[in-house]
Amino acid sequence: MGAALKYSYYDDDTPASSTPEVNWLPGLFVQDQLKISAKSTMLSGLRSDFHREHGVVAPL
């Protein structure tokens, strides 16, 4: 289990975006590593993030 915080800065240097876009994207995740055989493991999990313009971004 854990939490993440991503800082996103975007500026494309065109007239369409006069100011840079800055976003903080907080998220939560849960993951587990399973041993399938002596030589193989599998990592699986779920993650959900929150974007101030798009809302909650979660797996379907």
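Structure notes:
- Scanning the range 23-56 for residues being of a type in the set (Val, Ile, Thr) and either modelled with pLDDT under 90 or not in a strand (DSSP E or B) (or both) gives a total of 1.
- Search result, residues across the range 1-27 that are surrounded by fewer than 10 Cβ atoms within 10 Å (Cβ to Cβ) and touching a Ser or Thr at 6+ places or on another chain (Cβ under 9 Å): 10
The values are calculated or read from the model by the stated rules, or taken from the named source; none is laboratory data. Everything numeric in this text was worked out from a predicted model, so none of it was measured. Every residue, glycine as well, gets a Cβ built from its backbone with ideal geometry; the counts of neighbours run over all protein chains shown.
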